[in-house]
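Every number here is computed from the coordinates shown, using simple stated rules; none is lab data. Being a predicted model, the structure only gives us computed values, none of them experimental. Because the Cβ atoms are built from the backbone with ideal geometry, glycine has one as well, and the counts that use them run over all protein chains shown.
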Amino acid sequence: MKLAVNYSPAAVDVLRAGQVRFDLIKCPAWPQVIEAAAAIHPVYAHFPLRVGAGIGQAIDSEKQQPPDWTQIESILSSTGTPLVNLHLVLLPAEHPDIPTDAADPASIERLTLGLIADVNAVVARFGPERVVIENDHCGGRNLPAAYRPDMIGRVTEETGCGFLLDVAHARIVARYLGRDARDYMEALPVERLCEMHVSGVQHFGTAWAERLRQAGENESVIRSCAGRWMDHLPMTEEDWELAAWALEQVRNGAWARPGVVAFEYGGIGPFFGATTDADALARDIPRLYALVHA
């Protein structure tokens, strides 16, 4: 397993200062960022692709349009990124005839078949061994059906794709569902695990909101975060316990072995500028490196 860390100015600073070591910089699929990061350290790309609209193709969630596959293939080739990641997103607006709380077999079947069609379009281009689907909480905007382990498992089984476990997403979803996070993760298709993401989960209260405000973040973004449980934040002891437990499941053979474990704390822009702390990275990266390379 390799440890990757989200690209951020703070992560670059602590790496260059020799305070930390890690194997890869995890970059958004932005050519300028990739070029800057690759000049410093080995990189891999994470794509803003989502599936679940049921239209027989993925969607670029940054542009809200079909992906530019030529650019994606260029990034894959130039960085040596082995996997094309897809976020599992079921937006109510894209399924207006399905009730938001639908759990009946007919509705679940329709949503599942739509997901399979979307994933299969990407699998047809890259092969099942190069495609992974990620569990996503989607900021609470998902239809609850998106959180069903049986649905996620069926998609991986019928398309042949792998699974990307985001531990923080699973923790947030388990809280929403009133389930134990460990039990929830074990119900996911961890036998097909190819990649794992780790970050801190915290309640986004007034202190965090004020930090965003002082950093110049848009008030609409602050309102959308306020009062929610958010990921991509500093690790708490509960996060460390869950990460250690998840990696132990890999080591003892209960789960498949991911090629990369990514630390998703930090990034680019006002939100991450306000929430990313170099001292926290200098403290936490060595701890996670030790867990990954134990």
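Working out 0.36 nm times the residue gap between E158 and E109, then minus their Cα-Cα distance, what length gain in nm do you get to one decimal?
Values: separation 49, 0.36 × 49 = 17.64 nm, distance 1.32 nm.
Stretched out fully, the E158 to E109 stretch lengthens by 16.3 nm.
Could you please report the charge total around A124, scoring K, R as +1 and D, E as -1 over all other residues with beta-carbon less than 15 angstrom from its beta-carbon?
Numbers: positive: R125, R130; negative: E73, D118, E129, E158.
Value of the local net charge: -2.
How high is the FRET efficiency between K2 and D97 when r is their beta carbon distance and R₀ equals 51 Å, given to the nearest 0.05? Don't jump to the answer; show the numbers that get you there.
Details: r = 44 Å, r/R0 = 0.86.
Result of the calculation: an efficiency of 0.70.
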Taking +1 at the Cβ of each Lys and Arg and -1 at the Cβ of each Asp and Glu, which of L49, P31, G139 sits farthest along the dipole of the chain towards its positive end, judged by Cα position relative to the Cα centre? P31
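What FRET efficiency comes out for the pair E248/D150, r = Cβ-Cβ distance, R0 = 30 Å, nearest 0.05?
Numbers: r = 25 Å, r/R0 = 0.83.
That pair, E248 with D150, gives E of 0.75.
Using r as the Cβ-Cβ distance of R287 and A256, and R0 as 35 Å, what FRET efficiency do you calculate, to the nearest 0.05?
0.90
What is the dipole size for the range 2-292, taken about its Cα centre, with +1 at each Lys and Arg Cβ and -1 at each Asp and Glu Cβ, in debye to the nearest 20? Intermediate results must be reported in sequence, preceding the final value.
On the way: 25 positive and 38 negative charges, 81 e Å.
Roughly 380 debye for the range 2-292.
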For labels at W240 and E210 in the simple 7 Å Cα→Cβ model, what's the distance in nm? 2.7 nm
Multiply the residue separation of A187 and A38 by 0.36 nm, subtract the distance between their alpha-carbon atoms, and state the gained length in nm to one decimal. 50.0 nm
Each residue of the range 83-92 in turn: what ³J(HN,Hα) in whole Hz from Karplus with 6.51, -1.76, 1.60 and θ = phi - 60°, glycine and Pro shown as x? 10, 9, 9, 10, 8, 7, 9, 10, 8, x
Put +1 on the Cβ of every Lys and Arg and -1 on every Asp and Glu Cβ in the chain; which of Y176, A17, N252 then has its Cα farthest towards the positive end of the dipole? A17
What ranking, highest mean first, results for peptides 88-95, 256-263 when packing means the other Cβ atoms within 10 Å averaged over each residue? 256-263, 88-95
Quick one: putting +1 on the C-beta of Lys and Arg, -1 on the C-beta of Asp and Glu, what dipole do you get for the range 171-294 around its Cα centre, in Debye to the nearest 20? 160 debye
So if I place +1 on the C-beta of Lys and Arg and -1 on the C-beta of Asp and Glu, and nothing else carries charge, what would the dipole magnitude of the range 1-157 be about its Cα centre? I want it in debye, nearest 20. 460 debye
List the relative contact order of the range 2-292 as a percent without decimals, with contacts defined as Cα pairs under 8 Å and 6+ residues apart. 20 percent
Give the long-range amide H neighbours of F163: residues separated by 5 or more places, or on another chain, with amide H under 5 Å away, using H modelled in the peptide plane at 1.01 Å from N. I133, L193, C194, E195
Relative contact order of the range 161-209: what whole-number percent is it, with Cα pairs under 8 angstrom and at least 6 residues apart? 53 percent
Along the dipole axis of the chain (charges at Cβ: +1 for Lys and Arg, -1 for Asp and Glu; origin at the Cα centre), the most positive-end residue among P66, T79, A121 is T79
If each part is reduced to its alpha-carbon centroid, the range 172-219 and the range 1-71 end up apart, in Å, by 19 Å
